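Worksheet: the structure to be examined is printed underneath.
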Protein chains: 2
Amino acid sequence: MEHNLRDYFEKTLKEVAIDCVIFGFHAGELKVLLLKWKGTDGWSLPGGHILLDESANDAANRILMERTGLGEIFLQQYYTFGAVNRYTHYSEAELLEKLEITFGKGFFEGIIFRRTVSIGYFALVEFDQVSPAPDWFTDECRWWNLADVPALLFDHNEMIERALTALRQHIRNQPVGYNLLPEKFTMPELQRLYETILDRQFDRRNFQKLLMSYDILEKLDEKRVGVANKSPFLYRFDKLKYERAMETGVAFSM
Amino acid sequence: MEHNLRDYFEKTLKEVAIDCVIFGFHAGELKVLLLKWKGTDGWSLPGGHILLDESANDAANRILMERTGLGEIFLQQYYTFGAVNRYTHYSEAELLEKLEITFGKGFFEGIIFRRTVSIGYFALVEFDQVSPAPDWFTDECRWWNLADVPALLFDHNEMIERALTALRQHIRNQPVGYNLLPEKFTMPELQRLYETILDRQFDRRNFQKLLMSYDILEKLDEKRVGVANKSPFLYRFDKLKYERAMETGVAFSM
DNA sequence: CCAAAAGTGTTCTACCTACACCCATGG
DNA sequence: CCATGGGTGTAGGTAGAACACTTTTGG
């Protein structure tokens, strides 16, 4: 990642940005990764620009890798945001002013700002595997509960909303969990993930029956210990079968 | 639409294009509208660039209006194409050379070509209502049967494929037909539309039962005459109910 | 011993699927 | 009168939805 704005802009497409809604799941809550911009109280999604010799999908993967350290994970384009004015919270002028104060006069010298269209991606990542890393113009990078997300810079609140809609659509046809849960997990944990994403409750028996019918789960001989109730069995995804199910699709109908 | 490339480029975003897959339905065949570029034997999807004061969605609507004369019709963004090299059939150099021969030396003077990312939209339009109109750098605009589409410029074959996938996904959750069929149509015609899009056959009785259950169709007291068999009843969409069904969604499960 | 949460199977219902005969029209 | 294609209803099967009691564990 460049530390000089001009250099960075010369190597990238200027009118196209990439923004990633990175979903994680922890303690029964769906979370997104957000960055706080230096010298402002404004938060945004992790994003960036496409290098001239890089595809949009590669750029999204690179950005994800830079923020989370993770590669090879589920990442999907879901919508491109092309409104004329994508600034909310702060106007463009206000934001530029604040950044100039923080980074010094001349920060934007030689840079012509044009309107930017942003390609939205959403990613599903394993919460514990992520070490959130701010970049050169942000000073904080952390998980937020979906319900607590504040007013964000640009149109990023709308981006999260649409990403959630896309995720809900996604979960109806493809299995979800491989990238969001730790390697071993219990059936109630998986159920809670589905319940959180879809914001509704399922019957335990029906849920188990349906998920087992996908033939992507391996029931282990281990149980989770240390809980003040009957020990639940641990499960693990069969990666090959899971990937096959991603291709052929499944019907989540409850 | 500008007739001077430089002027046009100064008023638009350069690195972002819009391409529209315009679907029509006629004589039991699904069709797309294609344009032939002057001075080449290359066909492409109708497309264009976003004006500086226009949203991406507005641009797509404008392009659709320019090519078909239709507004207020179903148009949906489905994917953004961001590969590094989106030229197939002809390379960028070959294409520019041909265009320079046709439009004269100096046609590209003062224009810096950069890589372009393209936002794909698909539209459903009523075949008979469309008067295909070429634009200033194309000399033909006509319908092609989906099966007969030739090798296109850029990545437009892939765009059509993905649009078809998006349409097939769409038809499973939303009613389809209002924009593709004439005002009055028979149940077998509607069925043939569904069969063509999904490339499979349905049982007449089951199809009728399911579509009527959506409560979006009005059975008329008229029949289609002039066919060498029993006259089929005519139906019409109830626009209000149709729009409500678009919002709430339907389950097409056969 | 109590509270909390997990394990487990069956019944009912609704919807999807399969299926066939008669009728109207034009040629 | 014949060929073509449309109009119409029912029965069976499958899959989704509803539902409760017992067991294990930690405190």
Among the residues of the range B:112-132, write down those that are over 14 Å from the mean Cα position of the chain (by Cα) and surrounded by 13 or more Cβ atoms within 10 Å (Cβ to Cβ). B:Arg115, B:Thr116, B:Val117, B:Ser118
For B:Thr12, are the conditions met, namely being at pLDDT below 95, under 13 Å from the mean Cα position of the chain (by Cα) and polar (S, T, N, Q)? no
Positions within the range B:240-254 being more than 9 Å from DNA strand C (Cβ to nearest atom) and either within 14 Å of chain A (Cβ to nearest Cβ) or surrounded by 11 or more Cβ atoms within 10 Å (Cβ to Cβ) (or both), in sequence order: B:Lys241, B:Tyr242, B:Glu243, B:Arg244, B:Ala245, B:Met246, B:Glu247, B:Gly249, B:Val250
Could you check the range B:51-154 for strands (runs of 3 or more DSSP E) lying wholly inside it with 2 or more residues that are in contact with a strand residue (DSSP E or B) (Cβ under 7 Å, 6 or more places away or on another chain) and among the polar types (S, T, N, Q)? B:74-81, B:138-145
Scan A:Gly47, A:Gly69 and give me the residue that is in the same structural domain as A:Ile160 (by TED's automatic domain parsing), buried (at least 19 other Cβ atoms within 10 Å of the Cβ) and either over 17 Å from A:Val32 (Cβ atoms) or in contact (Cβ under 8 Å) with a residue 40 or more places away in the chain (or both). A:Gly47
Do we find that A:Phe237 is under 19 Å from A:Gln174 (Cβ atoms), more than 8 Å from DNA strand C (Cβ to nearest atom), within 14 Å of chain B (Cβ to nearest Cβ) and touching a Pro at 6+ places or on another chain (Cβ under 9 Å) in this structure? no
All but one of (1) in contact (Cβ under 8 Å) with a residue 12 or more places away in the chain; (2) at the interface with chain B (Cβ under 9 Å from one of its Cβ atoms); (3) not aliphatic (A, V, I, L, M) hold for A:Thr88; state the number of the condition that does not hold. (2)
Residues in the range B:38-85 that are over 25 Å from B:Leu180 (Cβ atoms) and away from chain A (no Cβ under 11 Å) total 5
Assigned by TED's automatic domain parsing to the domain that holds B:Trp136 and touching a residue at least 60 places away in the same chain (Cβ under 8 Å), is that true of B:Glu54? no
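A quick yes/no check of all residues on (1) in a helix (DSSP H, G or I); (2) out of contact with any Leu (no Cβ under 6 Å at 6 or more places or on another chain); (3) closer than 14 Å to B:Gln174 by Cα; (4) within 8 Å of DNA strand D (Cβ to nearest atom):
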| residue | (1), (2), (3), (4) |
| --- | --- |
| B:Phe207 | yes, yes, no, no |
| B:Asp215 | no, yes, yes, no |
| B:Glu222 | no, no, no, no |
| B:Tyr242 | yes, yes, yes, no |
| B:Ala245 | yes, yes, yes, no |
Based on this model, can you work out whether B:Ser231 counts as at pLDDT below 95, assigned to a loop (DSSP other than H, G, I, E, B) and either loosely packed, with under 13 Cβ neighbours inside 10 Å or within 15 Å of DNA strand D (Cβ to nearest atom) (or both)? no
Might you check whether a residue that is under 28 Å from B:Thr88 (Cβ atoms), in contact (Cβ under 8 Å) with a residue 60 or more places away in the chain and buried (at least 18 other Cβ atoms within 10 Å of the Cβ) occurs anywhere in the range B:189-210? yes
Output the qualifying pairs, or none if there are none: Cβ atoms under 6 angstrom, residues six or more apart or on different chains, first residue in the range B:217-228 and in the same structural domain as B:Glu243 (by TED's automatic domain parsing), second residue assigned to a loop (DSSP other than H, G, I, E, B) and at pLDDT 95 or above. B:Glu218/B:Asp238; B:Lys223/B:Ser231; B:Arg224/B:Ser231; B:Arg224/B:Pro232; B:Val225/B:Ser231
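The values are calculated or read from the model by the stated rules, or taken from the named source; none is laboratory data. Treat the numbers as computed from the prediction; the structure is a model and nothing was measured. All Cβ positions, glycine included, derive from the backbone under ideal geometry; neighbour counts span all protein chains shown.
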